[in-house]
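Below is one structure, written out as structure tokens; the observations come after it.
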Amino acid sequence: MSTGSGNNRPVRVTTQTVVDMKHRGEKIGMLTAYDYSMARIVDAAGIDIILVGDSASNVMAGHETTLPITLEQMMYHTSCVVRGAERALIVADLPFMSYQNTTKEALISAGKMMKEAGAHAVKLEGGAFIVDTVKKIVGAGIPVMGHLGLTPQSIYKFGTYKVRATEEDEAARLLEDAASLEEAGAFALVLEKIPAKLARKVTEMLSIPTIGIGAGSSCDGQVLVLHDMLGLNKDFNPRFIRRYADLSTVMTGAVQNYIKDVKASAFPNENEQYD
Ligand code: KIV
């Protein structure tokens, strides 16, 4: 990992950097990316963490859920992102059924993601059920980001994408899970779609950073799916998404103009061809 000394590369964000950011009260920006070109843009814009999310299953592959994406497919996306990012910490999701079976299988999956795809850390969904797995992976020197609240790999268990932990018993369990994941060695925790007050409680309780998505402004950082915040995916409209661009409209206009020019023999012109 380049430290930035002796070349023109920016200093790489590390797991320690984001823990230090929490303690300084500096918010952490995280976005997803799944390919080289997008990773370059997001990295050069100054994002702290790029998550190669298994949301690739939805936005890149068009599946309804995150369940179908495989470890090999996630490793492909991760290796593309790694080549595009010089500064950001790159966290890769371990996909459904690549870590739930045994701690040994989980360590093998995490090891492949680091060694072959070049990730800097892995993210796993779940609480008490994965604590031993987190200990095993962290014990091997691989940083782990946890993920609590709405965990999309369990969507068929939940049966719905509604806000999680609104009832006292689930909120209490989430607090216990958060403490256990920190204790197991996780360096950060994603909190997805839980009440803002609960996210605040978790954030105050932990010394590792929380990264929220639909979890309010008290989290130490925020994450969005890149395609959602760029307006590339207009069919998905939960209230926690803020659209920072309308690239779907921009791209549609560009493609329509191109088609118009081709049909009218207006592209290419004489400066766009060779003598
Ligand atoms: O897969 C993903 O994009 C995620 C984020 C929504 C946190 O896990």
Exercise. Determine the gain in length on full extension of the stretch Arg242-Ala264; use 0.36 nm per residue of separation and subtract their C-alpha separation, reporting nm with one decimal.
Key: 4.1 nm
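Out of the GluC sites (Glu not before Pro) in region 91-149, which ones are loop residues according to DSSP with at most 15 other C-beta atoms within 10 Å? All intermediate terms of the calculation are to be shown ahead of the outcome.
Working: sites: Glu105, Glu116, Glu125; in loops: Glu116, Glu125.
Hits after loop and neighbour filter: Glu116.
To the nearest 0.05, how large is the calculated FRET efficiency for Asn7 and Ile41 if R₀ is 30 Å and r is the Cβ-Cβ distance? Don't skip to the end; give the middle numbers.
Details: r = 21 Å, r/R0 = 0.71.
Efficiency, rounded to the nearest 0.05: 0.90.
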Quiz item: Taking Cα atoms, how many degrees apart are the long axis of helix 15-24 and the longest axis of the chain, rounded to 10 and kept between 0 and 90?
Solution: 80 degrees
Quiz item: Quick one: with all protein chains in place, what share of the accessible area of region 125-220 is carbon or sulfur, to the nearest percent (1.4 Å probe)?
Solution: 51 percent
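For region 133-275, state the average projected area of the convex hull of the C-alpha atoms over all orientations, rounded to one decimal in nm². Before the final figure, lay out each step's value.
Details: hull surface 56.3 nm².
Over every viewing direction, the Cα hull of region 133-275 projects on average to 14.1 nm².
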Self-check item: Additional length obtainable on full extension of the chain from Val19 to Ala61, 0.36 nm per residue less Cα span
Solution: 11.8 nm
Quiz item: To the nearest 10 degrees, how steeply does helix 168-184 sit against the main Cα axis of the chain, on a 0 to 90 scale?
Solution: 90 degrees
Quiz item: Taking the Cα centre of each part, how many Å lie between region 201-275 and region 25-54?
Solution: 13 Å
Self-check item: Cα centre as origin, Lys/Arg/Asp/Glu Cβ charges: the chain dipole, Debye
Solution: 300 debye
Practice problem: For each pair in Lys27/Lys234; Lys123/Lys157; Lys136/Lys193; Lys197/Lys234, compute the distance between the two Cα atoms and list the pairs where it is over 25 Å. | Solution: Lys27/Lys234; Lys136/Lys193; Lys197/Lys234
Quiz item: Helix 247-263 versus the longest principal axis of the chain: what angle, 0 to 90°, nearest 10, using Cα atoms?
Solution: 20 degrees
Quiz prompt | GNM result for the chain, Cα springs below 10 Å: residue of Ala39, Ala106, Ala140 fluctuating most strongly | solution = Ala140
Self-check item: Unit Cα scatterers, Debye sum, the chain: log10 I(q)/I(0) for q = 0.09, 0.11, 0.14, 0.15 Å⁻¹
Solution: -0.43, -0.63, -0.97, -1.11
Quiz prompt | Helix-only mean residue ellipticity at 222 nm for the chain, each DSSP H run of n ≥ 4 adding -39500 (n - 2.57), per residue, nearest 500 | solution = -12000 deg cm²/dmol
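The values are calculated or read from the model by the stated rules, or taken from the named source; none is laboratory data. Bear in mind the structure is a predicted one, so any value in this text is a computation, not a measurement. So basically every Cβ, Gly included, is an ideal-geometry build from the backbone, and we count neighbours across all protein chains shown. In case anyone asks, the SASA skips ligands and DNA or RNA and just uses the protein heavy atoms, side chains included. Shrake-Rupley method; radii C 1.70, N 1.55, O 1.52, S 1.80 Å.
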